[in-house]
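One structure is given here, and the rest of the page talks about it.
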Amino acid sequence: MKALNVISLILVILGGLNWLAVGLFEYDVVSEIFGGADEVGSRIVYTVVGLAALYALALLPKVSKDD
C-alpha cells in the first residue's frame, strides 16, 4: 500500500507542476509530449493524474491526524 501512496503523490506533484507551467508560461507539457490535449495519450495521463488526486483525498485524514 505504501508504494501506491508514493506513486499517487508523485503523480499529483507532476500534475501540479504541469498546471504551474500552464499558468505561468501557457505551456502544457503533457499535450506537448502527446501531440495535443485531445489525443488519447494526453487524456490517459490526465485521467491517471486525476485518479491519483482522488486517491490522495482519501489519504488526507491520515496526514492530518495527530499522533
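Pop out the carbon and sulfur fraction of the accessible area of the chain as a percent, whole number, probe 1.4 Å. Walk me through the numbers before you get to the answer.
Working: 3750 of 5330 Å².
Within the chain, the accessible surface is 70 percent carbon and sulfur.
Expressed as an acute angle from 0 to 90° and rounded to the nearest 10, what is the orientation of the C-alpha long axis of helix 40-64 relative to the principal long axis of the chain?
On a 0 to 90 degree scale, this one is about 20.
Using only the alpha-carbon atoms, what does the chain span along each of its principal axes? Please give whole angstrom values in decreasing order.
Between the extreme Cα coordinates on each principal axis of the chain lie 45, 25, 15 Å.
For helix 2-25, what angle does its Cα long axis make with the longest principal axis of the chain, in degrees from 0 to 90 and rounded to 10?
40 degrees
With each label point set 7 Å from Cα along the Cα-Cβ vector, what nm distance links Val63 and Val6?
Going from the Val63 label point to the Val6 one covers 1.7 nm.
So how strong a dipole does the chain carry about its Cα centre when Lys and Arg Cβ are +1 and Asp and Glu Cβ are -1, to the nearest 20 debye? Please list the in-between numbers first.
Working: 4 positive and 7 negative charges, 76 e Å.
Dipole of the chain, to the nearest 20 debye: 360 debye.
The values are calculated or read from the model by the stated rules, or taken from the named source; none is laboratory data. Just so it is clear, the model here is predicted, and its values are computed rather than measured. Positions of Cβ are generated from backbone atoms using ideal geometry, with glycine treated the same way; all protein chains shown enter the neighbour counts. These accessible areas exclude ligands, DNA and RNA; they are computed on the full protein's heavy atoms, side chains included. Shrake-Rupley method; radii C 1.70, N 1.55, O 1.52, S 1.80 Å.
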